[in-house]
Amino acid sequence: MTRADFMSRLKAGLVGLPTTAAADILNDYHAHFDDGRDAGRSEAEVAAALGDPDRLARELKAEAGVQRWRQEQTPSAAAGAVFAVLGLGAIDILILLPLLMGVIGTLFGFFVAVIAVFFAGGVVMVTGPFAGFPGGGVAAFLAGLGLMAGSVAVGALLSVATIWLVNGLVWFARLHYRLLKPALGDQTFAQGDRA
């Protein structure tokens, strides 16, 4: 594989990363090719040492998603980390995606239910005293307040469970990345020793 082929495939795989991050990565890999040329290696040898550019791009995007999650811990960062993890391998997607979508769907359903119960508690608290709530106005007020407080507590627990899920996916991504990552440094040094 030539330098131009490798770089074009890597660039295509990095679509979706911030422009500056993608440019930095591409510059690093241009430097690998320059160093290889200076050491007397061909473009094909350097490309072989660096590995498959498509897989490399997926791993780099996954790492960027994980780093963003570690820095921000926002819903968009969580979604980015999840999709970056899922982008690492087709087999993982076939196995992990149905399970993950089930868990995410369940969490989403619980979040919707929590919001509905919170608003229902507000309605009971405000309208209960005027609607003839059993036990009177104070009981309606306290029941509504209890529903709202309970929904806030369950919402907090769901938030913790969601954070655990995202952190578990980040752990999985790091494990997957370590297992599949070509040993770029070792291959480069090994080829440099042979030259």
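Every number here is computed from the coordinates shown, using simple stated rules; none is lab data. As the structure is a computational prediction, the values presented were derived from the model and not from experiment. For neighbour counting, all protein chains shown are included, and Cβ atoms are generated from backbone atoms with ideal geometry for every residue, glycine included.
Summary of values
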item: For peptides 165-172, 125-132, 54-61, sequence by mean Cβ density within 10 Å, most packed first; result: 54-61, 165-172, 125-132
item: Length released on extending from residue 35 to residue 145, taking residue separation times 0.36 nm less the Cα-Cα span; result: 32.8 nm
item: Nearest-0.05 FRET efficiency for residue 101 and residue 126, computed from C-beta distance (R0 30 Å); result: 0.20
item: Whole-Hz ³J(HN,Hα) from phi, Karplus 6.51 cos²θ - 1.76 cosθ + 1.60, for region 131-137, glycine and proline x; result: 9, x, 5, x, x, x, x
item: Estimated FRET transfer efficiency when R0 is 35 angstrom, pair residue 108-residue 19 (beta carbons, to 0.05); result: 0.65
item: Inter-centroid distance (Cα atoms) of region 124-146 relative to region 20-45, Å; result: 71
